[in-house]
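Since the structure comes first, as structure tokens, the remarks are kept for the end.
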Amino acid sequence: MANGRGILTIVSGFAGSGKGTVMNKLISEYDNYALSVSATSRAPRPGEKEGVSYFFKTREEFEEMIRKGLLLEHAEYVGNYYGTPSEFVFARMDEGKDVILEIEMQGAMQVKKRYPDTLLIFLTPPSADEIYKRLKGRGTETDEVIDRRMKRAYEETKFIKDYDYLVINDNIDDCTARVHGIIQSAHHTVEHEMTLVESLTTGLTKFQ
Ligand code: 5GP
């Protein structure tokens, strides 16, 4: 039997890479994905909903989650805590869902270290100017925050080499289709299909 366990994928990307839009499209177009909802200590942006966009926590509440070991990974990004609640991730993977974490690099590296078969995908706008244009155009952050996010983006370029795939988001439809293709291919790696290999080996012994 083929391995029915879902694939764990991390999607990271520069601020303004359109990760959120690509993830929403992936979830709405294909039914095999489950998107993890993170906890954060940052304040909600207009339109963000508790339990949908994030689980919004105070710094104290977040630190309590860390202490209780409820997070698969966590990191500080531009002055706020962000982390992935573990329980949802493993329950959905056991059900055969492909779970996606849309998280930044430090968290991505923590997960990859603990679970080396995690698939790491990095999304980028086509150019540096486009990163700035998209952040500015979003109109939800102050110039100071945009400045910090641009500096952070520069730092992040050094770690892109640790990812498995780099996908340009120049068009939402194309980008979503590429990400879907990459994750679906991961179902057929020999490493993921070792249960099938074992069953074929057992089945073939009677013909020896
Ligand atoms: P934003 O404040 O724009 O929603 O997110 C800021 C950054 O935090 C993004 O790069 C996003 O991918 C990342 N992020 C969101 N949730 C998590 C999480 O659970 N863990 C980590 N490590 N990063 C996260």
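Stretch ASP31-THR195 to full length: gain in nm at 0.36 nm per residue minus the Cα-Cα span? List each step's numbers first, then the result.
Details: separation 164, 0.36 × 164 = 59.04 nm, distance 2.41 nm.
Residue separation times 0.36 nm, minus the Cα-Cα distance, leaves 56.6 nm.
Less than 5 angstrom separates the built amide H of LYS97 from those of GLY6, all sequence-distant by 5 or more or on a different chain. For chymotrypsin sites (Phe, Trp or Tyr not before Pro), the sites in region 121-208 that DSSP calls loop and that have at most 13 other Cβ atoms within 10 Å are PHE207. Once the C-beta distance of ASP173 and ARG59 is scaled by a Förster radius of 45 Å, the resulting FRET efficiency is 0.70 to the nearest 0.05.
Once the Cα gyration tensor of region 51-208 is found, what semi-axes does its equivalent ellipsoid get, as square roots of 5 times the eigenvalues, in whole Å, sorted largest first?
Values: eigenvalues 243, 100, 36 Å².
They are 35, 22, 13 Å, listed largest first.
The angle between the Cα long axis of helix 128-138 and the longest principal axis of the Cα atoms of the chain comes to about 70 degrees, rounded to the nearest 10.
Give me the percent relative contact order of the chain, please, defined on Cα pairs under 8 angstrom at least 6 residues apart. Before the final figure, lay out each step's value.
Values: 297 pairs, mean separation 66.1, N = 208.
Reported relative contact order: 32 percent.
Charge tally for TYR54 (other residues, Cβ to Cβ under 10 Å; Lys, Arg +1; Asp, Glu -1): +2.
Net charge around PRO125, counting only other residues with Cβ within less than 14 Å of its Cβ (Lys, Arg = +1; Asp, Glu = -1)? Write down the numbers at each step before the final one.
Values: positive: LYS19, LYS133, ARG134, LYS136, ARG138, ARG149; negative: ASP129, GLU130, GLU156, ASP170, ASP174.
Charge balance in the 14 Å sphere: +1.
The angle between the Cα long axis of helix 105-114 and the main principal axis of the chain comes to about 20°, on a 0 to 90 degree scale.
Could you tell me what fraction of 2.2 N^0.38 Å the Cα radius of gyration of region 1-140 comes to, as a two-decimal ratio? Numbers along the way, then the final one.
Values: Rg = 15.4 Å, N = 140, 2.2 N^0.38 = 14.4 Å.
Taking the Cα Rg and dividing by 2.2 N^0.38 Å, one obtains 1.07.
Our note on the geometry: Cα centres of region 148-208 and region 19-79, 22 Å apart.
When the helices of the chain are scored as -39500 (n - 2.57) per DSSP H run of n ≥ 4 and the total is divided over every residue, the value at 222 nm lands at -13500 deg cm²/dmol. Pairs over the 32 Å Cα-Cα cut-off, from the set LYS49/LYS97; LYS68/LYS112; LYS49/LYS133; LYS68/LYS136: LYS68/LYS136. Projection of the Cα convex hull of region 123-199, averaged over all directions and equal to a quarter of that hull's surface, yields 6.8 nm².
GluC sites (Glu not before Pro) within region 1-87: which are DSSP loop residues with at most 14 other Cβ atoms inside 10 Å? Please report the intermediate quantities before stating the final value.
Working: sites: GLU29, GLU48, GLU50, GLU60, GLU61, GLU63, GLU64, GLU73, GLU76, GLU87; in loops: GLU48.
Sites meeting the loop and neighbour criteria: GLU48.
Expressed to the nearest 5 percent, the antiparallel share of DSSP beta bridges inside the chain is 30 percent. Between TYR115 and PHE90, the modelled label-to-label distance comes to 1.0 nm, taking each label 7 Å out from Cα in the direction of the beta carbon. The solvent-accessible area of THR201, taken with every protein chain present and a 1.4 Å probe, is close to 80 Å².
Go through region 111-208 and name the trypsin sites (Lys or Arg not before Pro) that are in a DSSP coil and have 10 or fewer other Cβ atoms within 10 Å of their Cβ.
Working: sites: LYS112, LYS113, ARG114, LYS133, ARG134, LYS136, ARG138, ARG148, ARG149, LYS151, ARG152, LYS158, LYS161, ARG178, LYS206; in loops: LYS206.
Qualifying residues, ordered by number: LYS206.
Give me the angle, in degrees from 0 to 90, between the Cα long axis of helix 172-186 and the longest principal axis of the Cα atoms of the chain, rounded to the nearest 10. Around 40 degrees separate the two axes.
The values are calculated or read from the model by the stated rules, or taken from the named source; none is laboratory data. All values reported here derive from a predicted model rather than from experimental measurement. Positions of Cβ are generated from backbone atoms using ideal geometry, with glycine treated the same way; all protein chains shown enter the neighbour counts. Please note that ligands, DNA and RNA were not included when accessible areas were found on the heavy atoms of the full protein model with its side chains. Shrake-Rupley method; radii C 1.70, N 1.55, O 1.52, S 1.80 Å.
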